[in-house]
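The values are calculated or read from the model by the stated rules, or taken from the named source; none is laboratory data. Just so you know, these numbers come straight off a predicted model, no measurement behind them. For neighbour counting, all protein chains shown are included, and Cβ atoms are generated from backbone atoms with ideal geometry for every residue, glycine included.
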Amino acid sequence: MARHIVASTSEIPPGGNKVVDVAGRDIVVFHVNGEFFALLNRCPHEGAPLEKAACVARLTSPEPGVYERSRVGEMLRCPWHGWEFDMRNGQSWFDPKRVRVRSYPVAVARGDELQKGPYVAETFPVHVEDSYVIVEV
């Protein structure tokens with residue numbers, strides 16, 4: 001897989017998302033609980049845009065009348081029909097063996113780490129004296 005820089009971390013506020021085009025695919029990047037997750041911006045059911053999905057918690061019930069919330073904000077609920085998906089891996093909660101949303105690995109890197117590469121340009125010291133620019137060779 002090729003790596004693509006899609007946004008600065010400040011462009012996606014906590015609890016927000018951003019849709020980016022990567023190699024012709026609409027991918028939605030979510031910022032939840034200090035982490036970033038990337039999914040194909042399309043529900044596998046009928047193609048709803050997941051950028052409009054509600055970010056909800058996982059709700060379980062160990063017994064009648066008792067409810068437990070966990071992983072707050074990490075579950076997506078499709079805006080059209082309510083299908084739910086795990087933001088970490090795209091797995092559906094209604095049919096985990098057959099239905100999922102395509103998920104993509106996400107990494108966060110500092111800008112100075114991204115600019116490094118295998119090539120180094122030849123540089124020369126530069127000094128400004130009065131109104132002249134002098135390059136030392």
- Task: Those residues that are exposed (fewer than 11 other Cβ atoms within 10 Å of the Cβ) and of a type in the set (A, V, I, L, M, F, W, C), I need them from the stretch 60-93; list them, please.
- Result: V66
- Between residues in the stretch 42-71 that are over 23 Å from P13 (Cα atoms) and residues that are charged (D, E, K, R) and surrounded by 10 or more Cβ atoms within 10 Å (Cβ to Cβ), which pairs lie under 6 Å by C-beta distance while being six or more apart or on different chains? L59/R69; T60/E68
- Message: Residues that are of a type outside the set (A, V, I, L, M, F, W, C), at least 3 per element: which strands (runs of 3 or more DSSP E) completely within the stretch 1-93 meet that?
- Response: 17-22, 25-32, 54-63, 66-77
- Message: I'd like the residue in the stretch 33-60 that is at pLDDT 90 or above and among the polar types (S, T, N, Q) and, out of all such residues, is farthest from S92 (Cα to Cα).
- Response: N33
- Query: Which residues, counting only those in the stretch 94-104, are part of a strand (DSSP E or B) and out of contact with any Leu (no Cβ under 6 Å at 6 or more places or on another chain)?
  - Reply: R100, Y104
- Item | Residue ID - nearest to R102 (Cα to Cα), chosen from residues in the stretch 11-34 that are under 11 Å from the mean Cα position of the chain (by Cα) and in contact (Cβ under 8 Å) with a residue 40 or more places away in the chain | I27
